[in-house]
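Laboratory data are not the source of any read-out in this text; all were calculated from the coordinates shown. Note that this is a predicted model, so its numbers are computed, not measured.
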Amino acid sequence: MNAIVVVDSRWAIGCEGRLLFSLPTDMKRFRSLTLNGTVILGRKTLDTFPGGRPLPKRRNIVITRNVDFDREGCEIAGSPEAALELAADTPDDQLWVIGGGSVYTALLNKCKRVYLTKVDAAAENADTFFPNLDKLPGWEIEATSDPVAENGVTYRFIDYINTKL
Ligand SMILES: NC(=O)c1ccc[n+]([C@@H]2O[C@H](COP(=O)([O-])OP(=O)(O)OC[C@H]3O[C@@H](n4cnc5c(N)ncnc54)[C@H](OP(=O)(O)O)[C@@H]3O)[C@@H](O)[C@H]2O)c1
């Protein structure tokens with residue numbers, strides 16, 4: 001299983017239920033990496049998608065404590081562990097944790113890789129964060145891309161590997 005995430009220079013990922021940056025090249029990469037796979041996400045992240053709809057051409061497993069939650073095109077899991085059980089038949093490299101903060105934190109230790117997009121800017125008023133992999137034991141950088149400049153910011157794709165798995 002992998003996680004995929006955009007962070008700012010302070011490892012922030014969101015503010016008031018929104019993303020911090022609009023990065024078209026990153027969005028294309030996200031789509032092509034996750035397409036035809038299974039994505040695991042929190043209910044709040046689902047609600048940030050247009051119309052609250054699941055991502056097309058992917059199996060969407062949504063984690064919520066609300067036992068009555070029902071959304072067309074989504075499979076519902078009552079916990080991160082239940083989400084993994086639902087996804088047990090997905091090949092490891094096609095299973096993606098896509099946020100948000102609470103779901104990344106819950107499942108990070110079970111991820112083999114994190115496909116990180118690191119923006120060279122600090123967003124103001126961020127309220128949701130990703131764990132700082134540079135300070136967590138067991139995480140090493142496997143690859144770093146050249147910088148991409150877009151919409152007034154510069155960012156790089158940095159792939160981290162979990163050496164404990
Ligand atoms: N930068 C990025 O790459 C990226 C990616 C994704 C999201 N984000 C941002 O992250 C923010 C959202 O993150 P978030 O942490 O607030 O919300 P979240 O993780 O998307 O969703 C939280 C919800 O998931 C459910 N949940 C979480 N842990 C659970 C557990 N152990 N058992 C059962 N249900 C559980 C609960 O749903 P119920 O309330 O329904 O019970 C909880 O309210 C937004 O700002 C979003 O834009 C950023």
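What the table shows:
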item	result
In the chain, lysine pairs with alpha-carbon atoms under 20 angstrom apart (chain gap of 8 or more, or interchain)	8
Helix-derived mean residue ellipticity, 222 nm - over the chain, DSSP H n ≥ 4, -39500 (n - 2.57), to 500	-5000 deg cm²/dmol
Difference of contour (0.36 nm per residue) and Cα-Cα distance, ASN109 to ASP159	16.5 nm
Percentage relative contact order, the range 2-162, counting C-alpha pairs under 8 Å, at least six apart	32 percent
Ellipsoid semi-axes in whole angstrom, largest first, where each is sqrt(5λ) of the Cα gyration tensor of the chain	24, 18, 15
